[in-house]
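> Quick one: the structure is below, questions incoming.
What follows is calculated from the coordinates using simple rules that are stated; it is not laboratory data. Everything numeric in this text was worked out from a predicted model, so none of it was measured. Reconstructed Cβ throughout: ideal geometry from the backbone, glycine too, with neighbour counts over all protein chains shown.
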There are 2 protein chains.
Amino acid sequence: MSRVLLKSATEGTSEFSGALARLAARGESDLSAVEPLVRQILEDIRERGDAAVKDYIFRFEGRRVSQLLYTDYGGQAALDGLGSDVRAALIAAADRIRRYHERQASGLDSFEYKEGGVLLGSRVNPLDRVGIYTPGGKARYPSSVLMSAIPAQVAGVRAITLASPNPGAEVRAACHLAGVEAILDAGGAQAIATLAYGTESVPPVDKIVGPGNLYVAAAKRLVFGQVDIDSLAGPSEILVLADENSDPRLVAADLLSQAEHDEASYPLLLCLSTEFVERVATELPHQLESLPRRSMAEQAILDHGVALVVRDRQRLAEVANQIAAEHVAVHVQRPEELAREIRHAGAIFVGSTTPEAAGDYLAGPSHVLPTGGAARYGAPLGVYDFVSRSSVIAYTLEELGAQAAHITALARAEGLEGHARAVESRLAPSPRQNR
Amino acid sequence: MSRVLLKSATEGTSEFSGALARLAARGESDLSAVEPLVRQILEDIRERGDAAVKDYIFRFEGRRVSQLLYTDYGGQAALDGLGSDVRAALIAAADRIRRYHERQASGLDSFEYKEGGVLLGSRVNPLDRVGIYTPGGKARYPSSVLMSAIPAQVAGVRAITLASPNPGAEVRAACHLAGVEAILDAGGAQAIATLAYGTESVPPVDKIVGPGNLYVAAAKRLVFGQVDIDSLAGPSEILVLADENSDPRLVAADLLSQAEHDEASYPLLLCLSTEFVERVATELPHQLESLPRRSMAEQAILDHGVALVVRDRQRLAEVANQIAAEHVAVHVQRPEELAREIRHAGAIFVGSTTPEAAGDYLAGPSHVLPTGGAARYGAPLGVYDFVSRSSVIAYTLEELGAQAAHITALARAEGLEGHARAVESRLAPSPRQNR
């Protein structure tokens, strides 16, 4: 029974192509079923403000709240009250995450240069107000607060509001460490609506980031345009790349550390032989035995787990790029070499001494990563998500004169005479006399 | 009659706050009316492929086409056949746009560094396939092809597909200059669906950018997640900042060069006295008189034009930041000084010798800019829109040992025992014997 826990499919079979096709479709979520309700929540909160938010919190979260926004949320006291090991770990994580994002921010500088008589530039500014959503319930993670809010803080965002229903001490401590200005005590679509439109007691934000359930995803998509949003997050994924020399015990441990997140998560193995798959499959039940979240992890492996077998290292890289997983763990020999071939991944964990868990908590890069194949075009949440940019253009009159023929030729080719005249009127001091 | 063409509102009056409130809502577009039809188009094309695309081209564009995708679209011949002034201007524009974006790309380098026994990095890769939408009809602009495709080309995108119904010689010539691989001869929601899902004859892309009508916007929002999209573009806008020394003739010319784009566009003036507004209002009819697109420009001014009067330079900057316009033209004295105060704008045109038209065609930065207030959080289309990023993390075993206590403390605080064990199993060579 233990052996069938992890399905296996070898390249060239219909099982293999079927598994790849199912993986290719994993990012699709049909939000149309929940959209009518979410649309109604958005409209109602936009119209009735605080009162409507409180109604929905009662209806969907079963809580009666008198206050929505807390600027004095007791973050320092919450931090002081934590066990010393967790407190020290949170502080160390915040430091490491901040240092990584400061390095990342150095690529985001404004620039300005002259080319003849034209000054050209790009100005980078932090966003004014950002909303960060973190779910309540079984996925209530202070680490996600650090991983989302610190990039915004490093960008220089003036005001960060965290939405989280009934946040505990760890979350409030993390908010304190990450410079969160205020906590909105709400979840679900009602939290997204409150952040997007603002109410009497909650100022609206310019961008909302962070993962949530189907209602949150539907709400984010509907408020897009009113505010900016990050990509719509789906279930978490790991793809472990292994060869004959990989340690099945460590491969199994990495698959389980993904599987225990959620029944919906994807623990995926990509390797070179069915023999290796069997060694991992033999290892899994031993490690599952005493895992507190055993039933969840088992369900994730049964529903979404698959081991894909390909013929050589080249195919490991190619298939990994096709899957474009959130986390890619490279357990093969000479892991740096293979890792360089991975073009589509949220985060790459190089070598078997690098557990994904280190990246989830402490390494430094944000653990908020593109899922569902969005690594084809996406990026880890970063400082670049919390800035706006403006182009700057300044011509001298002489340079405008030198370029006028080109500008007016293109304007007139597109039928925009007014554009051509706006150039020519600068060059002819008193054109009306010329008519 | 000429004087009332441009409505005026002075700060402190209800007209002023009403005008600002209407401007704040300008970015809202209700796509729900067209969504059911668009959803049906998307599903049908996904199911039936090429045949469905051709059906919709006939239904919505009135054309029967036998081929959808052209890789051999005769770009060089189209360029050679253009009038010499337009040809030279297109080539000059492509060169300038490419140089600006090469400068911009230098901020997007991958990085990697060691911190003790951890290697941390960020790898930046160009997207594999990008789709660029450019509308047909009255807004058929070769300049938009250059301004959208060249940033993608500079990013190193492997394959750029341009969607444009029945493209003319100028558009095909611009495609050639911008390295467009193939032209999809379709418009509307059917073009977006074809690019997002792919068909028998058209490969799917990873990201779709470019402005379009309501159907295009609704389709882009619905395929978001399947592919990445840029922000949903609305009508074009200019905000001219003027003081008593500004030249009403040039201010009027800039307002009209915006107004002639589209009846829906926003020509906005922000200045220091009603007297100055009157001088501009007196100028407008003179310049409108012989403008080929007069009726369109007049309608735009009547429907959306407004002159806002504030008391001092400080308020010019503050209100401009509140409006967050696509184009901000700074006509005041010491324009650089005021321009530095503008935090929210797509592009800033510094000084009255810098017409917006120069930026539309030749300066270098992309003219594809955030509209409808999206400049609060957005950016000009740029090289950064066409890359994906992956984090890289590599621990030595020693460093993992040194950090293990922090990682496991956080994992266990979040109830994720499997995460903690994935770390510990690396450090204990044979943990099963220890049970």
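> For B:Ala163, enumerate residues with amide H under 5 Å from its amide H, sequence gap 5+ or separate chain, H modeled in the peptide plane.
Residues meeting the amide H criterion: B:Ile132, B:Tyr133, B:Thr134, B:Leu184.
> Sticking with this structure for a sec: Label-to-label distances across copies for A:Glu278, with labels 7 Å out along Cα→Cβ, in nm, shortest first?
Reported distances to equivalent positions: 9.5 nm.
> Counting only GluC sites (Glu not before Pro) that sit in a DSSP loop (anything but H, G, I, E, B) with at most 15 other Cβ atoms within 10 Å, what is the longest stretch of chain A containing none of them?
A:29-199
> Relative contact order (percent) for the range B:286-435, with alpha-carbon contacts under 8 angstrom and 6 or more residues of separation?
The normalised contact order for the range B:286-435 reaches 14 percent.
> Is any residue of the range B:120-159 close enough, with backbone N under 17 Å, to a label point placed 7 angstrom from the Cα of B:Tyr70 along the Cα-Cβ axis, and if so, which?
The answer is B:132-137, B:140-143, B:145-146, whose backbone nitrogens lie closer than 17 Å to the label point.
> Further question on the same structure: Between A:Pro165, A:Pro135, A:Pro335, find the one with the highest GNM mean-square fluctuation for chain A; connect C-alpha pairs within less than 10 Å.
A:Pro335
> Can I ask one more? What are the ³J(HN,Hα) couplings of the range A:416-424, residue after residue, when phi is run through the Karplus curve with 6.51, -1.76, 1.60 and θ = phi - 60°? Round to Hz, x for glycine and proline.
Computed from phi, the couplings for the range A:416-424 are 10, 4, x, 5, 4, 5, 4, 6, 5 Hz.
> What are the ³J(HN,Hα) values, in whole Hz, obtained from phi via the Karplus relation 6.51 cos²θ - 1.76 cosθ + 1.60 with θ = phi - 60°, for each residue of the range B:374-391 in sequence order, with x given for Gly and Pro?
Calculated HN-Hα couplings, in order: 5, 5, 4, 10, x, 7, x, 4, x, 4, 4, 7, 10, 10, 10, 9, 10, 7 Hz.
> Same structure again: Using modelled amide H (1.01 Å from N, peptide plane; none on Pro or chain starts), what sits under 5 Å from the amide H of B:Arg63, excluding residues fewer than 5 places away?
Hits under the 5 Å cutoff: B:Phe58.
> Note the per residue figure in Å³ for the convex hull of the C-alpha positions in the range B:177-336.
So the per-residue Cα hull volume is 159 Å³.
> Which ³J(HN,Hα) values, rounded to whole Hz and listed in residue order, are derived for the range B:392-399 from phi using the Karplus coefficients 6.51, -1.76 and 1.60 in 6.51 cos²θ - 1.76 cosθ + 1.60 with θ = phi - 60°, glycine and proline given as x?
For the range B:392-399, the Karplus curve yields 10, 9, 9, 9, 7, 5, 5, 5 Hz.
> Right, here's the next one. For a quick check: with amide H placed at 1.01 Å from N, whose amide H comes under 5 Å from A:Thr371's, ignoring anything fewer than 5 positions away on the same chain?
Sorted by chain and number, the residues that satisfy this are A:Gly234.
> Identify all lysines with a Cα-Cα distance to B:Lys220 below 20 Å; exclude those on the same chain that are fewer than 8 residues away in sequence.
A:Lys207, A:Lys220, B:Lys54, B:Lys207
> Using just the C-alpha positions of chain B as equal point scatterers, what log10 of I(q)/I(0) does the Debye formula give at each q in 0.06, 0.09, 0.13 1/Å?
-0.34, -0.69, -1.14
> Same structure, new question: Could you state the per residue volume, in Å³, of the convex hull enclosing the Cα atoms of the range A:1-61?
148 Å³
> Quick check on the protein assembly as shown: of the DSSP beta bridges with both residues there, what percent are antiparallel, nearest 5%?
Rounded to the nearest five, the antiparallel share is 30 percent.
> Let me ask you something else. Considering the convex hull of the alpha carbon atoms of the protein assembly as shown, report its projected area averaged over all viewing directions, in nm², one decimal.
Computed as one quarter of the Cα hull surface, the answer is 36.2 nm².
> Over every pair of different alpha-carbon atoms in the range A:309-414, take the mean of 1/r and invert it; report that Kirkwood radius in Å.
This gives a value of 17.4 Å.
> State the dimensionless ratio Rg/Rh of the range B:149-259 (Rg: radius of gyration of Cα atoms; Rh: Kirkwood radius).
With Rh from the inverse mean 1/r over Cα pairs, Rg/Rh is 1.10.
> Percent of Cα-Cα pairs more than 22 Å apart in the range A:25-103, please.
60 percent
> Under 10 Å from the Cβ of A:Val240, count the other residues' Cβ atoms, weight Lys and Arg +1, Asp and Glu -1, and hand me the total.
-2
> What is the P(r) of the range A:5-137, as percent of Cα-Cα pairs per 5 Å bin from 0?
2, 6, 6, 9, 10, 8, 11, 15, 13, 9, 7, 3, 1, 0
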